[in-house]
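Okay, so here's the structure we're looking at.
The values are calculated or read from the model by the stated rules, or taken from the named source; none is laboratory data. Note that the structure is predicted; figures quoted are calculated from it, not measured. Because the Cβ atoms are built from the backbone with ideal geometry, glycine has one as well, and the counts that use them run over all protein chains shown. SASA here: full protein model, heavy atoms, side chains in, ligands and nucleic acids out. Shrake-Rupley method; radii C 1.70, N 1.55, O 1.52, S 1.80 Å.
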Amino acid sequence: MFIPPLERHLRDTKRLDVVWDEYIQDSLKESTREERGKGVQRKVSGSTKIPGNWKNFLGDQMNKKELFAFLTSKIESFSRPPTKSVCVTSGQAVSACKLSVPMDDCNHKEADTRIMVHIRHALEHGAETLLIPTVDTDVVVILVGLFFDLVTIQPSCDFWIHLVWG
């Protein structure tokens, strides 16, 4: 079984990119997160129940790391048609791609800038229509700032941004 929302997206596209944040010890952002307080750490696995307090669960960076690793392993093991590509950036590695031109590893820490690396790669290799679902308004700001640079790569491209509020 694949992750149902991703499976639905993959029906209507040739390429699906999944990008996670990277949580680095002793970084400036990590010290800010620590000041906010920690959530409750739980082991993440296929048999773990979904936490009742999702915000508290996500308050612990180890939960996020384990969740991203678990979801990445599920995405990587998914059997998909040969005409479909799925790229996952987890940690610094880009994996599970069935692309004619593979992506280099990505050392950006934030998902919002990692998304731009994926967008650039897709445009450089023929993508013309991109749907970018995000919960982060920073992604929109960065896209607006890079728009003219990106359209020089693929002048006929269309960008669709879906802000997912949850």
- Query: Taking the alpha-carbon centroid of each part, what is the distance from segment 132-166 to segment 96-124 in angstrom?
  - Reply: 14
- Computed over the chain, protein heavy atoms only, probe 1.4 angstrom, the accessible area per residue in square angstrom equals 63
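Where the accessible area of segment 89-166 is counted over protein heavy atoms with a 1.4 Å probe, how much of it, in %, is carbon and sulfur?
With neighbouring chains kept in place, the figure for segment 89-166 is 58 percent.
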- Message: Can you give the local net charge around Lys98? Use residues other than it whose beta-carbon is closer than 12 angstrom to its beta-carbon, Lys and Arg +1, Asp and Glu -1.
- Response: +3
- Note on the structure: As a percent rounded to 5, the proportion of antiparallel DSSP bridges among beta bridges in the chain is 20
- Dipole magnitude of segment 35-166, debye to nearest 20 (Cβ charges: Lys/Arg +1, Asp/Glu -1, about Cα centre): 820
